[in-house]
Amino acid sequence: MRSIKRAILKLSGEALREPGSTDNISPEIVNRIAGEIKAAVETGVELGVVVGGGNFWRGASASARGMDRSTADYMGMLATVMNALALQAALEAVDVKCVVQSAIEMKNVAEPFIRRKADRQLSEGRVVIFAAGTGSPFFSTDTTAALRANEMGAKTILKATMVDGVYDADPKLVPDAVRYDTVSFHTCITKQLKVMDATAFSLCMDNNIPIIVFDLAPAGNIQRALCGERIGTIVRKEA
C-alpha cells in the first residue's frame with residue numbers, strides 16, 4: 001500500500017483518556033498522539049483530524065435518560081472542542097503547525113469551519129482539527145469524519161479504535177472471531193459489521209473512500225497507517 005497524500009484521522013474521545021481513569025484527558029496519551037502525527041506529517045502527509053467527545057459527554061446516552069436530544073448533542077459538540085484544543089496544544093508543543101476549525105462559531109477559541117480555507121491550510125502543511133461535529137444535532141463524529149473527508153478530497157479515513165481491526169463477530173464476546181485484513185463495504189452491510197454508523201458508512205461507500213480501522217494503543221500505529229504500512233483492516237469498495 002502506498003503512502004497516503006491526504007487523509008482524515010478519526011479519534012474517539014475515549015482514546016484520549018487512560019483506561020479505567022477518572023481523568024477525562026490523559027496528557028501523556030495526547031502527547032503521544034501528537035508525536036505520531038508529527039512524524040507522519042513530516043513525511044508530507046496532509047492531515048485533518050476529527051475527534052469525538054465521549055470522554056466528556058455522549059449526547060445519545062443523555063437523550064436516552066430523558067434529555068432533549070438536540071440539547072444533548074450540542075453539549076457533545078462542545079466536548080469535542082475541548083478535546084480539539086487539547087490536541088492542538090500538544091501539537092504546537094512539538095512544533096506542528098495546526099489550527100482548530102469549529103462547526104459552531106466560537107471565535108475566541110477556534111476558527112469557524114470554512115471549507116476552502118481548510119483545504120488551503122491542509123495544502124500548506126497545517127494539521128486541521130475539525131471540532132464541534134457537523135454543527136447539527138443527530139449526527140455523529142463518524143459522520144463528521146466522512147463528511148470532511150469528502151469536502152477536503154481526502155483519499156482515506158483512518159479510524160483509530162480500541163481494537164485492531166474489523167472482525168466477523170465481536171471479539172470480546174466471540175473468542176475465535178476472525179479479523180479481516182480487507183473487507184468490502186457490501187460485506188460490512190450484509191454481515192452488519194459495525195465499522196461506522198450508517199450515515200457515515202454510506203458517505204464513504206457512495207464516494208469510494210476507503211476506511212482503515214486500526215488499534216490506536218500500540219505506539220507508532222498512526223504513523224504506520226499514514227505511511228501506508230498494512231495494519232488493521234481496510235474497508236473498501238472491492239475486497
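The values are calculated or read from the model by the stated rules, or taken from the named source; none is laboratory data. What you are looking at is a predicted structure, and each value in this text was computed from that prediction instead of being measured. Neighbour counts are summed over all protein chains in view; Cβ atoms, including those assigned to glycine, are modelled from backbone coordinates with ideal geometry.
Some notes on this structure:
- Residue in region 67-75 that is in a helix (DSSP H, G or I), surrounded by 19 or more Cβ atoms within 10 Å (Cβ to Cβ) and among the hydrophobic types (A, V, I, L, M, F, W, C) present: yes
- The conditions of being under 19 Å from LEU11 (Cβ atoms), touching a strand residue (DSSP E or B) at 6+ places or on another chain (Cβ under 6 Å) and modelled with pLDDT of 95 or more are met by ALA149.
- Scope region 4-24; condition farther than 16 Å from MET152 by Cβ and within 16 Å of the chain's Cα centre (by Cα); matching residues: LEU11, SER12, GLY13, GLU14, ALA15, LEU16, ARG17
- Residue match in region 82-100 (condition: buried (at least 16 other Cβ atoms within 10 Å of the Cβ), in a helix (DSSP H, G or I) and at pLDDT below 95): no
Conditions (1) under 24 Å from ILE104 (Cα atoms); (2) touching a helix residue (DSSP H, G or I) at 6+ places or on another chain (Cβ under 6 Å); (3) without any contact (Cβ under 8 Å) to a residue 24 or more places away in the chain; (4) in a loop (DSSP other than H, G, I, E, B), marked per residue:
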| site | (1), (2), (3), (4) |
| --- | --- |
| THR134 | yes, yes, no, yes |
| ILE212 | no, yes, no, no |
| ARG224 | no, no, yes, no |
| GLU238 | no, no, no, yes |
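- The number of residues in region 173-189 that are surrounded by 15 or more Cβ atoms within 10 Å (Cβ to Cβ), charged (D, E, K, R) and either under 19 Å from the mean Cα position of the chain (by Cα) or assigned to a loop (DSSP other than H, G, I, E, B) (or both) comes to 0.
- Filter pass, GLY48 being assigned to a strand (DSSP E or B), within 17 Å of the chain's Cα centre (by Cα) and either crowded, with 18+ Cβ neighbours inside 10 Å or at pLDDT 90 or above (or both): yes
- Restricting region 107-125 to residues that are touching a helix residue (DSSP H, G or I) at 6+ places or on another chain (Cβ under 8 Å) and assigned to a loop (DSSP other than H, G, I, E, B), the residue that is nearest to ASP95 (Cα to Cα): GLY125
- Residues located in region 178-201, provided they are over 13 Å from SER140 (Cα atoms), among the polar types (S, T, N, Q) and touching a residue at least 40 places away in the same chain (Cβ under 8 Å): THR182, SER184, THR187
- Filtered residues of region 16-39 (kept if small (Gly, Ala, Ser) and at pLDDT 90 or above): SER26, ALA34, GLY35, ALA39
- Considering region 11-44, and only residues there that are small (Gly, Ala, Ser) and in a helix (DSSP H, G or I), the residue that is farthest from LEU226 (Cα to Cα) turns out to be GLY13.
- Screening region 5-38 for residues that are crowded, with 17+ Cβ neighbours inside 10 Å and among the small types (Gly, Ala, Ser) and picking the one that is farthest from ILE209 (Cα to Cα) gives SER26.
- For the condition aliphatic (A, V, I, L, M) and more than 27 Å from LEU16 (Cα to Cα), MET152 does not qualify.
- If you go through region 190-235 and pick out every residue that is over 25 Å from ALA39 (Cβ atoms) and either under 17 Å from the mean Cα position of the chain (by Cα) or surrounded by 18 or more Cβ atoms within 10 Å (Cβ to Cβ) (or both), you end up with 13.
- Contact map, region 136-151: first residue over 12 Å from SER70 (Cα atoms) and hydroxyl-bearing (Ser, Thr, Tyr), second residue at pLDDT 95 or above and part of a helix (DSSP H, G or I), Cβ cut-off under 7 Å, separation 6 or more or different chains; pairs are THR141/THR80.
- Pairs are defined by a Cβ separation below 8 Å, a sequence spacing of at least 6 or placement on different chains, a first member in region 93-111 that is in contact (Cβ under 8 Å) with a residue 60 or more places away in the chain, and a second member that is buried (at least 17 other Cβ atoms within 10 Å of the Cβ) and of a type in the set (Val, Ile, Thr); the pairs so defined are VAL96/ILE37; VAL96/VAL41; VAL96/VAL127.
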